[in-house]
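Note sheet for the following structure.
The values are calculated or read from the model by the stated rules, or taken from the named source; none is laboratory data. On a predicted model such as this, the values are computed, not experimentally measured, just so you know. Virtual Cβ from ideal backbone geometry, glycine too; neighbours counted across all protein chains shown.
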Amino acid sequence: MEQLLNKIEVYKNEINAFSVSDTTTVEEFRIKWLGTKGIVKEIMGEMKNVAPDKKKEAGQLLNEFKQFVEGKYDELKGSADNGQQSTANTIDLSLPGDPLPLGSRHPVVLMRNRIVSIFQRLGFAVAEGPEIEDDWHNFGALNLPEHHPARDMQDTFYVQQNPDWVLRTHTSSVQIREMEKGKLPIRMLMPGRVYRNETVSARSHCFFHQVEGLYIDENVSFADLKQTLYFFVKEMYGKDVKVRFRPSYFPFTEPSAEMDVTCFICGGSGCNICKKTGWVEILGCGMVHPNVLSNCGIDPNKYTGFAFGMGIERPAMLKYGVNDLRLFSENDVRFLKQFTSAI
Ligand code: PHE
């Protein structure tokens with residue numbers, strides 16, 4: 001009897017430790033323990049060696065053991081049917097998954113989205129165009145005919161294979177493409193990358209990003225331009241920011257202006273960022289030149305419009321406290337992962 005008890009104990013341990021693996025299957029378990037020549041059968045046979053007064057107790061024990069083995073077999077079969085046991089590395093579906101590394105938005109994109117979302121609320125739609133442009137869209141149509149001195153305002157990259165192609169120096173080329181479509185009125189925003197042949201340093205780069213805006217309709221006036229930009233500035237830099245327009249020159253607008261806001265670092269009292277002037281220039285603007293409208297097949301006697309253009313990097317540098325323009329294009333993850341704003 002003692003012996004029988006010990007045996008059952010040993011078997012139970014073995015069964016508890018059993019798991020399905022590459023080399024043992026549920027069927028093998030069944031054959032070993034419950035088969036016609038299996039261990040359960042064999043141990044049942046030991047009844048005959050048990051003293052008569054212990055037979056009842058032994059019978060109970062053996063029955064319990066048999067049920068125990070059958071229970072284990074059912075359990076193994078159940079998990080096999082659920083498809084969870086086919087390999088040694090049973091997958092625990094309740095474990096949390098490995099987190100995927102999540103990127104963050106680029107600060108230039110964050111700033112672009114902010115600018116775009118403000119104008120979208122005024123009904124501006126977004127348009128994009130090619131970065132390799134022909135001379136007409138980048139210069140000619142914008143009232144900059146060949147040999148016009150103002151072409152030197154922007155140092156241009158030309159494409160070797162085709163003397164008519166340039167890397168666009170501003171997104172004004174997209175304004176031309178929109179006007180050429182002939183669908184009026186136009187209320188468009190053109191964000192994009194532009195290229196200029198400038199030495200790469202902390203403050204200038206051979207490519208950067210702009211957002212330009214264009215509004216063409218009947219009776220659009222300079223007052224509309226000012227009101228639109230006032231709204232933008234208040235949304236972007238806060239209600240207390242002051243604005244000033246300075247007369248300027250762009251071949252594609254007449255009159256032209258540059259717009260300054262009170263320095264958002266020092267509030268106008270003068271600091272290094274605003275070079276002690278209290279003002280920071282943020283954009284160029286003006287009324288679309290009648291020649292530009294005619295170049296695009298729009299009647300300048302019927303339609304007028306305004307345009308504006310601003311860089312994205314500079315406001316992004318000021319907002320996020322970035323002091324070197326090159327950081328934006330070096331793709332250093334340690335730099336990029338610091339910007340986690342929602343837009
Ligand atoms: N295209 C000009 C630039 O790149 C900006 C601008 C756009 C100015 C529209 C006036 C009107 O500097």
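Taking the conditions (1) under 34 Å from the mean Cα position of the chain (by Cα); (2) more than 16 Å from the ligand (Cβ to nearest atom) in turn, GLY297 satisfies each one other than (1).
Restricting to the stretch 131-149, name every residue that is within 16 Å of the ligand (Cβ to nearest atom) and either modelled with pLDDT of 95 or more or among the basic types (Lys, Arg) (or both). GLU131, GLU133, ASP135, TRP136, HIS137, ASN138, PHE139, GLY140, ALA141, LEU142, ASN143, listed by residue number. A single entry from GLY123, GLY97 fulfils the requirement of being more than 16 Å from the ligand (Cβ to nearest atom) and either over 27 Å from LEU225 (Cα atoms) or modelled with pLDDT under 95 (or both): GLY97.
Matching residues to (1) closer than 24 Å to CYS206 by Cβ; (2) modelled with pLDDT of 95 or more; (3) of a type outside the set (Val, Ile, Thr):
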{"position": "THR277", "(1), (2), (3)": "no, no, no"}
{"position": "GLU281", "(1), (2), (3)": "yes, no, yes"}
{"position": "VAL292", "(1), (2), (3)": "no, yes, no"}
{"position": "ILE298", "(1), (2), (3)": "no, yes, no"}
{"position": "GLY311", "(1), (2), (3)": "yes, yes, yes"}
{"position": "GLY321", "(1), (2), (3)": "yes, no, yes"}
{"position": "ASN331", "(1), (2), (3)": "yes, no, yes"}
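Residue pairs whose Cβ atoms lie under 8 Å apart, separated by 6 or more positions or on different chains, with the first residue in the stretch 289-311 and within 22 Å of ALA223 (Cβ to Cβ) and the second among the charged types (D, E, K, R) and more than 15 Å from the ligand (Cβ to nearest atom), are LEU293/ASP299; LYS302/GLU218; TYR303/ASP217; TYR303/GLU218; THR304/ASP217; THR304/GLU218; GLY305/ASP217. Of the residues making up the stretch 181-217, just one is away from the ligand (no atom under 16 Å from the Cβ) and touching a Pro at 6+ places or on another chain (Cβ under 8 Å), namely ASP217. Looking at the stretch 252-261 only, could you name the residues that are touching a helix residue (DSSP H, G or I) at 6+ places or on another chain (Cβ under 9 Å) and surrounded by fewer than 20 Cβ atoms within 10 Å (Cβ to Cβ)? Those that are touching a helix residue (DSSP H, G or I) at 6+ places or on another chain (Cβ under 9 Å) and surrounded by fewer than 20 Cβ atoms within 10 Å (Cβ to Cβ): GLU254, PRO255. Could you tell me whether any residue of the stretch 255-277 is among the charged types (D, E, K, R), in contact (Cβ under 8 Å) with a residue 60 or more places away in the chain and either part of a strand (DSSP E or B) or away from the ligand (no atom under 16 Å from the Cβ) (or both)? Checked the stretch 255-277: no residue is among the charged types (D, E, K, R), in contact (Cβ under 8 Å) with a residue 60 or more places away in the chain and either part of a strand (DSSP E or B) or away from the ligand (no atom under 16 Å from the Cβ) (or both). If you check PHE328, PHE339 for being in a loop (DSSP other than H, G, I, E, B), touching a residue at least 60 places away in the same chain (Cβ under 8 Å) and not basic (Lys, Arg), only one passes: PHE339.
For residues that are among the β-branched types (Val, Ile, Thr) and touching a Phe, Trp or Tyr at 6+ places or on another chain (Cβ under 7 Å), scanning just the stretch 155-185, find the one that is farthest from HIS289 (Cα to Cα). Filtering first and then ranking leaves VAL159.
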